[in-house]
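The values are calculated or read from the model by the stated rules, or taken from the named source; none is laboratory data. It should be emphasised that the depicted structure is a prediction, and the values quoted were computed from it without experimental measurement. Using ideal geometry, Cβ is built from the backbone for each residue, glycine included, and neighbour counts are taken over all protein chains shown.
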Amino acid sequence: MGLLRNAWVIPAIPAASFFVILLFGKRLPRLGSEVGILSLLASWLLATGCAIQWIRLPLDHESHLRAPVTRGFTWWHTGDVRIGAGIHIDGLTVMMLFVVTFISLLVHIYSSAYMKDDRRFTHFYAALSLFTASMLLLVVADNLLLLLVGWELVGLCSFMLIGHWWEEKDNSNAALKAFFTTRTGDAGFMIGIVILFFAADRTFNIAAINHAALDGHIGHGVLLVGAIALFMGPIGKSAQFPLHTWLPDAMAGPTPVSALIHAATMVVAGVYVVARCYGVFWEAFSIGNGGINLVAIIGGITILIAAALAFVQDDIKKVLAYSTVSQLGYMIMGLGVGAWTGAIFHLFTHAFFKANLFLGAGSVSHSGSHHSFDMKKDMGGLRAHMPTTYRTFLIGSIALAGVPPLAGFWSKDEILNAAGKNGFAVFMVVGLIGAVMTAAYMTRCVYLTFFGEYRGHGHPHESPPAITGPLVVLSFFSVVAGLLALGQKFGHWTLNDVIEEAHVPEFPFAWSAAFVGTTAGLIGITIGALYYFRNAGPHRLTERSTAARRGYALLANRYYLDHLYTGVIVGGIKGPLARAAYWFNQNVLDGIVHGAAAGARGAATFTYDVIDQKVVDGLVNGAGASAEESGGLLRTIQTGRVQQYAAVLFAATAIFAIALIRWA
């Protein structure tokens, strides 16, 4: 219990590391990287300890659940409203603490070699520590206001890290795009928080809001509006359609940042918020009734559009980026079809194989393609030169494709199984189509990177142990993490009172559904293998078919969404706004300035001509003339003769004496 009650220390350690690295990092032998690595090691050990303590907690006799561990204090009072701050530790929190600290620790170790000799090495490690601390704060927060603090800090840190090499315009543009796109969703997110605060009798406490929603204390209309607004945040942060466009461009940042963003922070923050506030979404969208709802629709669309875009990417990181968008769609869709456990289990397993794939791509760039990420121009045939990177990347790809017994097989099939049994058959089909597409584009990715002839210009070789070590560890977890599905261990450990109160159905692992999902994955691998390894199928179709050319152009231009956002919407607003601002500047502001100047000139003329010349100078000159005339009169009696002065003195004395006698 001691570790669980003091789980606030887990985000506090990397937060302290941020300040230490920032202030003293450049004076340390390893420029601050040792502080970042040791702080994450400590946080990971504490998170592991929390997980062990949580699993060992006894079940409540009535609810048969582990009671959440809470601890808090009064942040401030405003009128009669108490605003608190504290931690809420349950199975979902413990799982996230382990994933975030573990992936971040490996990224810190990996970066010590990958970012070596970087011009802002110390700054990078400081930002990485703050990024991790922000995500951990978001995870442990017991109320939406404290969660919002972590949420905004995560966005700020991603802006700094994506734009780490800000001297290059593409990088700074990518950072700005990520920041502004996610801020679009954040506007709705904050509105949702405000709505739920007042609807739940003026409280930000997440548990209280969930129970108020499930108990019917919040009217359905208000709850629906609040849920839609709140969902805008996850749509932006978790790169869901239509706010997914920022994530592929975020690949401009260093590869370790890409791995951390895609596997354990930022993009999974939106999924976590939906899972944490599930009582709100369950009731607002009537998920228990089956059919169609906004959460499932957004997730399903995202799965398909992102998977299609992955086929036309030549940049290996962008293939993985669209893969992340698609897999996040699986998680969101899973939450939308009532597969709460399956969705967060997929978040758990996805973290390992996606971090493995991104760090593997970084290894290829670092030692195999002379810092290029172009699979067609600078890669190919690397399996002979980089055997460890190849094997670990292959494991990650198979896990992502959902092939048994690797991790992705267990979690993805839990979502598909729940979709079918909860009355969401359409979304089960969407998930199966997505599984085929995922396996196919990852087969393409593996082929272009590791098979065929080497097309680069450098001298490929295996990466150093600081890079390959994390790949081996992540590959191990990509294999074994899914086994927690056996006996529903993961579901039992993460089940909470909100899921129990909402009566969210939990299903045991179904081998029949798993067979269908595995078949879909194997079909995708077969199609990819035949097309790329055997050169089967229609090649150069875009040269012969107008429809194929148009389809390829649609995908290559990313459905023209970037043009819609930047060219039409932003341009349509920016142009008229700029012209209106110019007109206002020329006609209003300049008119005010010119009028003020003319008034000032008139006032100055009046002051000079009237006040200064006639009044002030007149007084001065008048005083001078009076003094001069008085002086002239006095000069007539100033003769210099003593007898005259004595006569005047005698006369004055006589007059004074007569006056005294007369009026005394």
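Selection of first residues in the range 152-167 that are closer than 20 Å to G233 by Cα and of second residues that are assigned to a loop (DSSP other than H, G, I, E, B), restricted to Cβ pairs under 6 Å at least 6 apart or on distinct chains, gives the following pairs, ordered by first then second residue: V154/M266; S158/M266; I162/G253. A single entry from I103, I83, I162, I89 fulfils the requirement of being surrounded by fewer than 24 Cβ atoms within 10 Å (Cβ to Cβ), in the same structural domain as A263 (by TED's automatic domain parsing) and either of a type in the set (A, V, I, L, M) or over 30 Å from F477 (Cα atoms) (or both): I83. In the same structural domain as L97 (by TED's automatic domain parsing), over 30 Å from A67 (Cβ atoms), surrounded by 15 or more Cβ atoms within 10 Å (Cβ to Cβ) and free of Cβ contacts under 8 Å to residues at least 12 places away in the same chain - does that describe any residue in the range 14-28? No, because not a single residue in the range 14-28 is in the same structural domain as L97 (by TED's automatic domain parsing), over 30 Å from A67 (Cβ atoms), surrounded by 15 or more Cβ atoms within 10 Å (Cβ to Cβ) and free of Cβ contacts under 8 Å to residues at least 12 places away in the same chain. Pairing residues of the range 341-356 that are farther than 12 Å from K412 by Cβ with residues that are among the charged types (D, E, K, R) and part of a helix (DSSP H, G or I), at Cβ distances under 7 Å and at least 6 apart in sequence or on separate chains, gives T341/E414. As a summary of the residue check, M190 satisfies the conditions (1) modelled with pLDDT under 95; (2) more than 20 Å from A351 (Cβ to Cβ) except for the one numbered (1). Residues in the range 167-196 that are of a type in the set (A, V, I, L, M, F, W, C) and touching a Ser or Thr at 6+ places or on another chain (Cβ under 7 Å): A178 only.
The numbered conditions (1) among the hydrophobic types (A, V, I, L, M, F, W, C); (2) in contact (Cβ under 8 Å) with a residue 40 or more places away in the chain; (3) farther than 30 Å from V295 by Cα; (4) not in a helix (DSSP H, G or I) are all true for V403 except (3).
Scanning the range 542-561 for residues that are at pLDDT 85 or above, assigned to a helix (DSSP H, G or I) and of a type outside the set (S, T, Y) gives A547, A548, R549, R550, G551, A553, L554, L555, A556, R558, L561.
Consider the range 300-330 and keep the residues that are aliphatic (A, V, I, L, M) and in contact with a Leu (Cβ under 7 Å, 6 or more places away or on another chain). The one that is surrounded by the most Cβ atoms within 10 Å (Cβ to Cβ) is L320. Restricting attention to the range 1-35, the residues that are closer than 25 Å to P256 by Cβ, of a type in the set (G, A, S) and modelled with pLDDT under 95 add up to 3. Scan the range 585-602 and tell me whether some residue there is closer than 30 Å to L561 by Cβ, surrounded by 10 or more Cβ atoms within 10 Å (Cβ to Cβ) and within 49 Å of the chain's Cα centre (by Cα). Within the range 585-602, not a single residue is closer than 30 Å to L561 by Cβ, surrounded by 10 or more Cβ atoms within 10 Å (Cβ to Cβ) and within 49 Å of the chain's Cα centre (by Cα).
Looking only at residues of the range 247-265 that are of a type outside the set (G, A, S) and closer than 14 Å to V319 by Cα, we find that the one that is surrounded by the fewest Cβ atoms within 10 Å (Cβ to Cβ) is D249.
If you go through the range 129-163 and keep only what is touching a His at 6+ places or on another chain (Cβ under 8 Å) and more than 16 Å from I10 (Cβ to Cβ), you end up with nothing.
If you check S63, S33 for being touching a residue at least 24 places away in the same chain (Cβ under 8 Å), surrounded by 15 or more Cβ atoms within 10 Å (Cβ to Cβ) and either more than 18 Å from G469 (Cα to Cα) or not charged (D, E, K, R) (or both), only one passes: S33. Within the option set F490, F533, being touching a Phe, Trp or Tyr at 6+ places or on another chain (Cβ under 8 Å) and surrounded by fewer than 17 Cβ atoms within 10 Å (Cβ to Cβ) holds for one residue only, F533. A Cβ distance below 8 Å, combined with a sequence gap of six or more or placement on separate chains, defines the contacts here; from the range 359-384, residues that are outside the structural domain of I316 (by TED's automatic domain parsing) reach no residue that is surrounded by fewer than 21 Cβ atoms within 10 Å (Cβ to Cβ) and among the charged types (D, E, K, R). Here A207 meets the list (1) in a helix (DSSP H, G or I); (2) closer than 23 Å to L561 by Cβ almost entirely, failing just condition (2). Which condition number in (1) loosely packed, with under 11 Cβ neighbours inside 10 Å; (2) at pLDDT 85 or above is the one that Y582 fails? Only one criterion in (1) loosely packed, with under 11 Cβ neighbours inside 10 Å; (2) at pLDDT 85 or above is unmet by Y582, namely (2). In the set R383, R391, only one residue is over 21 Å from A339 (Cα atoms), among the charged types (D, E, K, R) and outside any helix (DSSP H, G or I); that residue is R383. Counting only helices (runs of 4 or more DSSP H) that fall entirely inside the range 215-331 and contain at least 3 residues that are closer than 30 Å to Y531 by Cβ, of a type in the set (A, V, I, L, M, F, W, C) and assigned by TED's automatic domain parsing to the domain that holds A435, the qualifying elements are 294-310. Scanning for something more than 30 Å from H108 (Cα to Cα), in a helix (DSSP H, G or I) and of a type in the set (A, V, I, L, M), does the range 480-495 turn up at least one residue? Yes, that holds for at least one residue.
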